[in-house]
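Everything on this sheet refers to the single structure shown next.
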Amino acid sequence: MPRTNDFAFKIATANGTGSASANGLIMQAIFRMGIPVTGKNVFPSNIQGLPTWYEIRVSQKGYTARIPEFDLMVALNPATYVKDVAEVRSGGWLMYDSSWPLDATLIRQDLTYIGIPLAEMCNARFTGMRERILMKNIAYAGALAALLQIDSGIVRALLKEKYGRKPALMESNQQAVDIGYDYATANFDCPLAIRLAPLEKTADAILIDGNTAAALGCLYAGATVGAWYPITPATSLMEAFKGFCQKYRQEPETNRNRYAILQAEDEIAAIGMVIGASWAGARAFTPTSGPGISLMNEFLGLAYYAEVPAVLFDVQRTGPSTGMPTRTQQGDLMMCAYASHGDTRHICLYPADPREAFEFAAAAFDLAERFQTPVFVLTDLDIGMNDWMIPKLSWDDSYRPDRGKVLSAEQLDEVRTFSRYLDTDGDGITARTLPGVHPKGAFFTRGSGHNRFGGYTEDGDEYVEVVDRIDRKIQRAARAVPAPILQTMPGARLGLVTVGGCHAACVEALDILAAEGMAIDYMRVRGFPFGEEVARFLEAHEASFVVEQNRDGQLRNLLMLETGTAAEKLESVRYYGGFPMSAHHVISGVKAKLEKAA
Amino acid sequence: MTYISKPTVHHPALQKNAIGLVRREYEGAMTTLCAGCGHDSITAAIIQAFWELSIPPHKVAKLSGIGCSSKTPAYFLREAHGFNGVHGRMPALVTGANAANRDIIYIGVSGDGDSLSIGLGHLCHAIRRNVNVLYVLENNGVYGLTKGQFSASADPGSTSKKGEANTMEAIDGALLALSLGATFVARGFSGDKAQLVPMIKAGLSHQGFAFIDVISPCVTFNDHDGSTKSYAYTRERNVEVVQADFVPHAQAITTEYDPGTVRSVLLHDGSWVRLRKVADQYDPTDRDRAYAFIRERQKHGEVVTGLLYISPDSSDVHEQCNTVATPLTQLPHEQLCPGSAELEKLQARFR
């Protein structure tokens with residue numbers, strides 16, 4: 001019985017051999033066939049030589065979470081054969097390069113082996129080491145096209161789009177695709193029982209990674225200053241921003257830039273530059289990962305206390321310390337919520353996919369300026385660096401940046417005196433001024449104790465007045481951050497709460513559990529401080545599962561601390577091994593808790 | 001003494017500058033530093049320089065780190081925005097602010113602990129970027145606020161107030177700046193206002209990072225025998241190499257020009273620095289020789305002061321970033337956001 005448009009396969013190669021283009025080609029071809037598809041790049045912290053994998057999941061229902069068991073393994077890296085053979089589902093297929101014999105120990109009786117002499121054929125057709133290696137990787141894409149029934153017309157069109165201007169390269173790529181395709185067709189019963197058939201489910205979608213989408217958000221929100229220190233997995237965010245700026249931010253008359261990107265000496269300087277630029281009135285941001293936030297803590301306290309806007313992207317990776325830089329995690333939830341010494345609380349936004357990364361990036365600048373405080377956008381390596389299928393991005397042209405309470409020269413003309421931290425209308429937000437605008441606007445921004453007039457103080461009452469107002473201000477932001485996504489089911493007494501990239505695994509898991517007769521309500525928090533809806537949801541359910549990707553249950557901790565929910569009401573479901581969460585993690589976690597309770 | 005406020009009403013006969021402001025209008029709050037602190041003399045020189053240049057105070061932003069020196073921006077230019085950031089990291093703040101609004105005149109005030117220890121890395125990179133800022137390092141060789149520990153600029157062999165000798169090599173700010181490619185390097189002495197004021201004025205007009213290391217004795221913790229940053233020591237061993245005279249853009253150079261002893265350098269804004277050599281063989285536009293000369297005199301226990309190096313063709317961070325002439329803060333949203341139609345179009349790339 002063939003399984004159409006619902007399977008997963010994995011390609012095992014070595015880093016730096018050109019496999020990325022072949023994998024991208026396969027993904028894109030499936031997407032163009034109208035079939036929902038996601039790709040997860042599992043890569044090493046290395047430039048060349050170490051093992052790397054690419055996982056492709058095809059799901060006509062549109063599920064995007066990772067599945068850790070594969071129907072087909074394309075095993076092209078002898079160094080990982082043992083592991084790769086073991087990961088194939090019973091009854092599945094293993095494709096390998098039969099230019100060399102496969103060791104008997106790698107033979108599993110429950111698998112079908114597809115040997116294709118990729119190296120042999122490419123060595124015969126191409127000359128030169130480099131070309132032979134690169135083309136071998138394109139050839140497996142050709143073989144897969146035959147085995148899985150990928151539309152060869154689409155593959156040809158994609159090669160043309162990519163290499164249209166380099167006919168020689170286009171020709172050799174097409175040859176390599178044909179070598180693989182023809183061999184598979186001649187020697188195997190194509191297509192396999194797992195196969196593709198065109199659908200019409202991707203017409204209004206795009207394939208994009210979260211870092212690129214976030215960079216677009218920064219561009220559209222009008223960010224002009226970006227400061228950064230390169231770090232995996234955040235680097236591509238600034239690189240994408242730079243690329244967009246080169247296209248859209250040049251003054252036509254002079255070819256001069258309407259942006260400044262500063263590569264700082266470290267993350268401390270990067271956030272310092274952002275704070276300096278925001279203080280002067282620009283929209284400024286820095287992309288980083290956990291180690292960067294660790295370094296930025298001191299400056300974050302300054303921005304919080306002196307009330308200077310700043311936008312930070314934390315593309316989370318596996319910590320603590322250097323951790324696993326190329327693996328994903330949600331390990332910075334607590335750190336970002338309360339970064340810095342002293343009493344602080346920061347606005348955090350938690351996108352679940354690249355679409356929200358785009359939207360929340362733009363929203364972050366408005367929130368940072370309205371509340372005059374740092375705003376974190378927390379994604380993770382999986383959202384940031386992998387290609388996700390999402391509905392096309394859209395933009396409302398009536399959007400105008402919310403600059404918050406910034407006094408103009410005219411407004412300053414009107415006032416007798418200006419006091420930076422005087423709350424005149426009781427909303428906790430005080431007016432600020434920018435340098436160079438008006439003599440009356442001058443004040444001294446400081447991280448040292450200050451009173452409501454902005455003057456230095458060591459007076460306890462004056463100090464308390466200011467920090468209490470800041471606390472009220474940030475609490476009010478709970479109403480301004482994106483509301484949680486709620487999904488209820490009739491008769492549900494239990495809830496499931498999650499954050500960010502776990503969403504994909506949770507919705508799939510809840511569908512499966514519902515099919516088994518288990519009704520569970522769902523809430524995905526999208527902003528911090530938590531709004532009233534969050535507390536209400538937890539209150540309304542007998543117990544809630546809190547699903548997240550870190551060892552210590554940081555979301556659960558935040559929920560307990562901030563909503564006062566009792567520990568007994570929050571059951572922790574966690575996976576933190578560095579891969580994106582899968583539905584089975586959620587299902588087994590939930591079931592284990594239920595069995596224990598029963 | 002902050003509870004004593006200064007009068008803001010002035011005698012009508014006080015001398016006014018080109019924009020009609022009296023010198024007092026460039027002052028700030030009352031100082032809270034120790035009586036006789038070198039830093040207060042530097043503050044006075046800064047006030048004098050800004051007043052003489054007729055710079056509108058609110059077009060200036062003054063930034064600093066943490067420490068005695070970093071308090072001083074409160075004591076000048078009360079109509080300028082001030083930013084007292086975190087310890088050692090003012091260069092990052094001023095880099096960002098300058099990137100955002102290039103029309104503001106930036107002055108950064110720092111100390112030797114701030115610049116040469118905790119923030120050394122930031123200082124180095126701000127110099128490399130050639131951020132357009134006047135950077136004043138108020139250098140007393142000691143941590144004052146924490147009561148007398150050696151700083152990184154304390155000379156080996158100099159003693160603390162308690163009599164302990166410093167065993168480590170000193171970091172010389174001027175040599176450091178020269179080696180990092182600084183385009184303007186000067187050294188002054190807080191007790192020599194006549195030298196300091198023109199130096200500050202030249203630094204303000206310099207397009208790029210203008211670094212001035214000012215020896216500023218700490219009267220409380222570092223003005224004793226055995227200190228190499230005391231008033232007595234500095235006065236005795238001060239060797240002035242180049243006397244800088246600053247001529248603003250508006251004024252023509254009419255004074256005598258004597259080849260061999262006076263050299264004029266044109267700054268980006270059209271003003272001139274006239275450099276009068278007082279030491280033989282000194283060429284302030286030759287980086288290597290400037291470096292060698294400072295080292296040579298150091299061996300004799302001498303502190304070389306004056307405008308030590310200036311590069312007339314300095315290209316600042318905005319040149320490097322190729323930014324537009326309009327400050328980024330003043331670009332309208334329409335010039336920044338490509339709009340919905342373009343978003344639709346650009347997404348073809350992601351299909």
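For B:LEU63, the amide hydrogen comes within under 5 Å of the amide hydrogens of B:PHE83, B:ILE107, B:GLY108, B:VAL109, counting only partners 5 or more places away or on other chains and with H modelled in the peptide plane. Build a GNM of chain B with springs between Cα atoms under 10 Å: which of B:GLN281, B:GLN149, B:GLN330 gets the top mean-square fluctuation? Among B:GLN281, B:GLN149, B:GLN330, the largest GNM mean-square fluctuation belongs to B:GLN330.
Residues in segment A:54-61 carry Karplus couplings, in order, of 9, 10, 10, 10, 10, 9, 5, 7 Hz; the curve used is 6.51 cos²θ - 1.76 cosθ + 1.60 with θ = phi - 60°, and Gly or Pro positions show x. Summary of the geometry: segment A:461-487 and segment A:307-328, compared by the centres of their Cα atoms, lie 23 Å apart.
Run the numbers for B:ARG297 and B:ASN322: contour at 0.36 nm per residue of separation, minus the present Cα-Cα distance, in nm. Intermediate results must be reported in sequence, preceding the final value.
On the way: separation 25, 0.36 × 25 = 9.00 nm, distance 4.02 nm.
Additional length available on full extension: 5.0 nm.
A straight Cα-to-Cα reach below 22 Å connects A:LYS162 with the lysines A:LYS40, A:LYS136, A:LYS242, A:LYS247, A:LYS392, B:LYS345, residues fewer than 8 places away in its own chain not being considered.
Once the other residues with Cβ under 15 Å from the Cβ of A:ALA260 are scored (Lys, Arg +1; Asp, Glu -1), what is the net sum?
Details: positive: A:LYS242, A:ARG249, A:ARG256, A:ARG258, A:ARG283, B:ARG102, B:ARG129; negative: A:GLU251, B:ASP103, B:ASP316, B:GLU319.
Overall, the nearby charge balance is +3.
By definition, a body whose alpha carbon gyration tensor gives a ≥ b ≥ c is oblate when a/c is 1.5 or more and a/b is not larger than b/c, and segment A:409-479 fits this oblate description. Here the spin labels are modelled as points 7 Å beyond Cα on the Cα-Cβ line, and at B:CYS34 and B:LYS345 they lie 6.7 nm apart. What the phi angles of segment B:204-214 give under the Karplus curve with 6.51, -1.76 and 1.60, with θ = phi - 60°, is a coupling list of 5, 8, 6, 8, x, 7, 9, 9, 10, 8, 10 Hz, glycine and proline written as x. Ordering B:SER69, B:ALA92, B:LEU53 by Cα displacement along the dipole of segment B:27-110 toward the positive end leaves B:ALA92 in first place; charges were set at the Cβ atoms of Lys, Arg (+1) and Asp, Glu (-1). For segment A:208-391, the Cβ-based charge dipole about the Cα centre amounts to some 320 debye (Lys, Arg positive; Asp, Glu negative; other atoms uncharged).
Mean partner shielding of peptide A:387-398, defined as the number of other chain Cβ atoms within 10 Å of each residue Cβ, is 3.
What net charge is computed for the residues neighbouring A:TYR456, neighbours being all others with C-beta under 13 Å from the C-beta of A:TYR456, Lys and Arg scored +1, Asp and Glu -1? Walk me through the numbers before you get to the answer.
Values: positive: A:ARG420, A:ARG446, A:ARG452, B:LYS71; negative: A:GLU458, A:ASP459, A:GLU462.
Overall, the nearby charge balance is +1.
Dipole size of segment A:485-597 about its Cα centre, with +1 on Lys/Arg Cβ and -1 on Asp/Glu Cβ: approximately 200 debye, rounded to the nearest 20. Anyone know which of B:ALA45, B:ALA292, B:ALA126 comes out most mobile in the 10 Å Cα GNM of chain B? Ranking B:ALA45, B:ALA292, B:ALA126 by mean-square fluctuation puts B:ALA292 first. The ranking of A:MET335, A:MET129, A:MET135, A:MET581 by Cβ neighbour count inside 10 Å, starting from the fewest, reads A:MET129, A:MET335, A:MET135, A:MET581.
When the dipole is taken about the Cα centre of segment A:231-312, and only Lys, Arg (+1) and Asp, Glu (-1) are charged at their Cβ, what size is it in debye, to the nearest 20?
Numbers: 6 positive and 8 negative charges, 81 e Å.
With Lys and Arg at +1 and Asp and Glu at -1, about 400 debye.
Computed from backbone phi, the HN-Hα couplings of segment A:454-464 come to x, x, 5, 9, 10, 8, x, 5, 5, 4, 4 Hz, rounded to whole numbers (Karplus: 6.51 cos²θ - 1.76 cosθ + 1.60, θ = phi - 60°; Gly and Pro given as x).
Could you tell me which of rounded, prolate or oblate describes the protein assembly as shown, using a ≥ b ≥ c as the square roots of the eigenvalues of the alpha-carbon gyration tensor, with rounded for a/c under 1.5 and, failing that, prolate when a/b is larger than b/c and oblate otherwise?
On the way: a/c = 2.37, a/b = 1.79, b/c = 1.32.
Judged from the Cα gyration tensor, the protein assembly as shown comes out prolate (a/c at least 1.5, a/b above b/c).
With a 10 Å cut-off around each Cβ of A:430-441, the average count of Cβ atoms from other chains is 5.
Net length available on complete extension from B:GLN335 to B:LYS59 is 96.9 nm, with 0.36 nm assigned per residue and the Cα-Cα distance removed. Look at the dipole of chain B built from charges on Cβ: of B:PRO284, B:ASN130, B:HIS39, the Cα furthest out on the positive end belongs to B:HIS39. Distances between placed amide hydrogens fall under 5 Å for A:GLN316 paired with A:THR379, A:ASP380, A:LEU381, all partners being 5 or more residues away or on another chain.
Estimate the FRET efficiency between A:TYR113 and A:GLN487 by the formula 1/(1 + (r/R0)^6), using the beta-carbon distance for r and 41 Å for R0, to the nearest 0.05. Rounded to the nearest 0.05, the efficiency is 0.40. Among B:LEU14, A:LEU407, a tally of other beta-carbon atoms within 10 Å of each Cβ gives an order, fewest to most, of B:LEU14, A:LEU407. Taken as Cα centroids, segment A:352-383 and segment A:51-89 sit 32 Å apart, rounded to the nearest whole angstrom. A Förster radius of 56 Å, combined with the Cβ-Cβ distance separating A:ASP103 from A:GLN263, puts the computed FRET efficiency at roughly 0.75. Shape verdict for chain B, please, from the Cα gyration tensor: rounded (a/c under 1.5), prolate (a/b greater than b/c) or oblate. It is rounded, given that a/c, with a ≥ b ≥ c, falls under 1.5. Under 5 Å from the amide H of B:ASN238 lie the amide H atoms of B:VAL303, each residue being 5 or more positions distant or on a separate chain, with H modelled from the backbone and absent for Pro and chain starts.
So, in Å, what gap is there between the alpha-carbon centers of segment B:199-230 and segment B:142-191? Measuring centre to centre over Cα atoms gives 10 Å.
Ignoring everything except DSSP H segments at least 4 long, calculate the 222 nm mean residue ellipticity for chain B; use -39,500 (n - 2.57) per segment, divide by total residues, nearest 500.
On the way: 10 runs with 93 residues, N = 351.
Result for chain B: -7500 deg cm²/dmol, rounded to the nearest 500.
Rounded to the nearest 0.05, the FRET efficiency derived from the C-beta distance between A:ARG3 and A:VAL82 at R0 = 25 Å is 0.40. Taking the charge dipole of segment A:208-391 about its Cα centre, with +1 at Lys and Arg Cβ atoms and -1 at Asp and Glu Cβ atoms, the residue from A:PHE365, A:TYR338, A:GLY384 reaching farthest to the positive side is A:PHE365.
Every number in this text was worked out from the coordinates using simple rules, so none of it is lab data. Keep in mind that what you see is a predicted model, and the values were worked out from it rather than measured. Virtual Cβ from ideal backbone geometry, glycine too; neighbours counted across all protein chains shown.
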